[in-house]
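Just below is one structure, and these are the notes that go with it.
Please treat every number below as a calculation from the coordinates, not as lab data. These numbers were taken from a predicted model, which means no experiment stands behind them.
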Amino acid sequence: MLTVIYGLLGLSIVVLIHELGHFIAARSLGIEVEAFSIGMGPKLLGFSRNGTEWRISAFPLGGYCRMKGEEGFKQALERKLAHIPKEKGSFYGEPAWKRILILLAGPSFNLLFAALLFAIVAFVGLRIETLPNRIVLASDYPLLSAQVSGEPSPAQAAGLKTGDWVIAIDGKPVRDYSDLQDMVSVNAQKELLFEVERSGSRLVLPIRPRLDKDSGQGLIGVYAWVEPLVASVAADSSAAIAGIQSGDRILEIQGKPVEHSIDVSSVLSEKPERVSIRVQRAGEIRDLNLVLSYDSDSSPLGISFATIVKQEKSASIGQAFIQGWAESFEMIGLSLKGLGMLFRGVNLFKAVSGPARITYLIGSATQTSLSSSGLAGLSYILSFLAFLSVSLFIMNLLPIPALDGGQIVLSVAEMLRRKPLLTTTIYRFQFVGAAMILLLFFIATFSDILFFSGR
């Protein structure tokens, strides 16, 4: 329930910021706003002020800003009028350039909101847990990796080896595994030059990440090399019962040497009921036996390995705002790349998320961040909301008739023609848009069903 509440609250905030942009622009340009609602559906509470009815509606999902004259299009269709009636102070009664400014205001507020959130995160600081930039070749562990049609992974084909340190990609330094993931994931099917350190020597290897059609991301087929040093042990877990402690280093599992965490995962992938583990503790070797359970989503051992923690924080408020804008525009670029992937064979039913899944992801991220980091987890939540706000900025500017972008296209066409568009022309345009939205809704809903059913 908390996940749903957090999710609805987060999504509603981003949508309300969008509608607030439309509201402020409309009032500034002399267009009357009949109603501004927090939530959708039937009105629960409300009051009127300065000609606007402020509402709280039944369904806590976003909201809307209803301007005077928005019903004019419907009336023109019903009365078979050639043009939409122009009424003073109404949306369609004002010049096209005013409508364009109002339509742009909603997405613009989303971009401003995202930049502000990113700036706050940059100033407060973000604690990031990551892993070393040393890699393990997935093809060395066939039980864990999913090779495509028996073909070698991009990393394997390029000549990467387990134990390599990735120093740079296309000349950009790779400080840790998250840097590697960021650069690879957004460059599917594009050749990248990997600078690798191996046994004291440096190599430059060209690698072309393959496109994962389920996520739209680039993959090369590597894992992070994580030293098998126990960082924490869950209470009442198999490891705790057997006597494993924080600080223990795993040397062997089931008699097999352990160099990194993937060695442990490889043995556990066979789901043994019992395992023998040899650990080193304060210079002393101990042999322990564990009885495993695979009922929960957590590790059957109940341990976590040591990670790298880095703190990213701006030196000043000014630098934080500059970084906020930079991250917003960087996110726009990444989002546009993601949209482009939809036309390159990506599985839409897995790569596209609907409202239910987005709500769940927001709520889950919020609950996890607050429970694990307390108020410090707010930085993660703000980052997530900023990303969502950028996504709404881009989505609403797409030239789809039912969205702001589609309405802008109509208004620009009216300006170029220097006379109002025919009602029938607008209707046909809107009909195509409705069909596109319906198709997108079907894809997103089916995608959500697959997600919640674990498929």
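Would you mind checking LYS172/LYS337; LYS213/LYS310; LYS190/LYS271; LYS256/LYS310; LYS43/LYS419; LYS271/LYS310 for any pair whose Cα atoms are more than 30 angstrom apart?
Numbers: LYS172/LYS337 19 Å; LYS213/LYS310 32 Å; LYS190/LYS271 37 Å; LYS256/LYS310 33 Å; LYS43/LYS419 38 Å; LYS271/LYS310 34 Å.
Violating the 30 Å limit, Cα to Cα: LYS213/LYS310; LYS190/LYS271; LYS256/LYS310; LYS43/LYS419; LYS271/LYS310.
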### Task
Write down the Å³ per residue value for the convex hull defined by the alpha carbon atoms of the stretch 111-185.
152
### Task
Let me see the pair-distance distribution of the stretch 230-306: every alpha carbon pair, 10 Å bin width, integer percents in order.
20, 62, 18, 1
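Classify the stretch 135-224 as rounded, prolate or oblate from the Cα gyration tensor: take a ≥ b ≥ c as the square roots of its eigenvalues, call it rounded if a/c is under 1.5, otherwise prolate when a/b beats b/c and oblate if not.
It is oblate, given that a/c is not under 1.5 and a/b is not larger than b/c.
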